[in-house]
Amino acid sequence: MSTLTFPSERFPAPPSVSLDVPDDWEPVSVPAVALAAREAGEHAEFTPNVIVRVGTRPGLDQPADALMELAGSLDGRPNATIGTPEPVEVGGTSFHRCEVSWADPRGVAIRQVHLFAGLPREDGLQDFVHVTGSVGGSSAEADLAVVEKILDSAQVRR
């Protein structure tokens, strides 16, 4: 009988991700999310937040595959739009950046900035890092500047 171990050379640990958040933000635990933070305090319309998901995808997947999934998640949402993805470098990692927006059930306009990075592995798969910053409501423009600064601080390490 063999013993398999995680993490190991055959089953590597996922990359680590760090973000710099303002002092008035707090960490939160969210299912299926590796890291999450939001602005602390009460918010009537929408609480600005950032989440990080880390997973594994097929090695041949392209950013377009993740963007199609993102577009599919917007199906049926009022006023949904998806921007044109663009390559960006953040903290030494090549990402694809895409903005989306829609109206929530109360009619509040929500905007998100998504960063996607696929990190090839030797086993033919890729580690996939997905960072999302969300803002909404009447303070969205001001909050977007803060969220984009957080996204720009992303550091991915293996």
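The values are calculated or read from the model by the stated rules, or taken from the named source; none is laboratory data. Just so it is clear, the model here is predicted, and its values are computed rather than measured. Backbone-built Cβ (ideal geometry, glycine too); neighbour counts: all protein chains shown.
Pairs are defined by a Cβ separation below 7 Å, a sequence spacing of at least 6 or placement on different chains, a first member in the stretch 106-119 that is more than 14 Å from residue 140 (Cβ to Cβ), and a second member that is at pLDDT 95 or above and in a loop (DSSP other than H, G, I, E, B); the pairs so defined are 115/154; 119/15.
Can you say whether residue 73 is surrounded by fewer than 18 Cβ atoms within 10 Å (Cβ to Cβ), within 28 Å of residue 8 (Cα to Cα), under 15 Å from the mean Cα position of the chain (by Cα) and without any contact (Cβ under 8 Å) to a residue 24 or more places away in the chain, as far as the supplied structure shows? Even if it seems obvious, please write down each step before you answer.
Values: surrounded by fewer than 18 Cβ atoms within 10 Å (Cβ to Cβ): yes; within 28 Å of residue 8 (Cα to Cα): no; under 15 Å from the mean Cα position of the chain (by Cα): yes; without any contact (Cβ under 8 Å) to a residue 24 or more places away in the chain: yes.
For residue 73, the condition - surrounded by fewer than 18 Cβ atoms within 10 Å (Cβ to Cβ), within 28 Å of residue 8 (Cα to Cα), under 15 Å from the mean Cα position of the chain (by Cα) and without any contact (Cβ under 8 Å) to a residue 24 or more places away in the chain - is not met.
Can you name the residue in the stretch 1-55 that is out of contact with any strand residue (DSSP E or B) (no Cβ under 8 Å at 6 or more places or on another chain) and β-branched (Val, Ile, Thr) and is also nearest to residue 112 (Cα to Cα) among such residues? For the stretch 1-55, the residue satisfying everything is 5. Yes or no: residue 78 closer than 19 Å to residue 129 by Cα and of a type outside the set (Phe, Trp, Tyr)? Taking the combined requirement at face value, the residue does not satisfy it.
Grab the strands (runs of 3 or more DSSP E) fully contained in the stretch 1-89, keeping just those with 2 or more residues being of a type in the set (D, E, K, R).
On the way: elements: 16-18, 25-27, 35-39, 49-58.
Output list reads 35-39, 49-58.
For the stretch 90-130, the set of residues classified as acidic (Asp, Glu) and in a strand (DSSP E or B) consists of 99, 127, listed by residue number.
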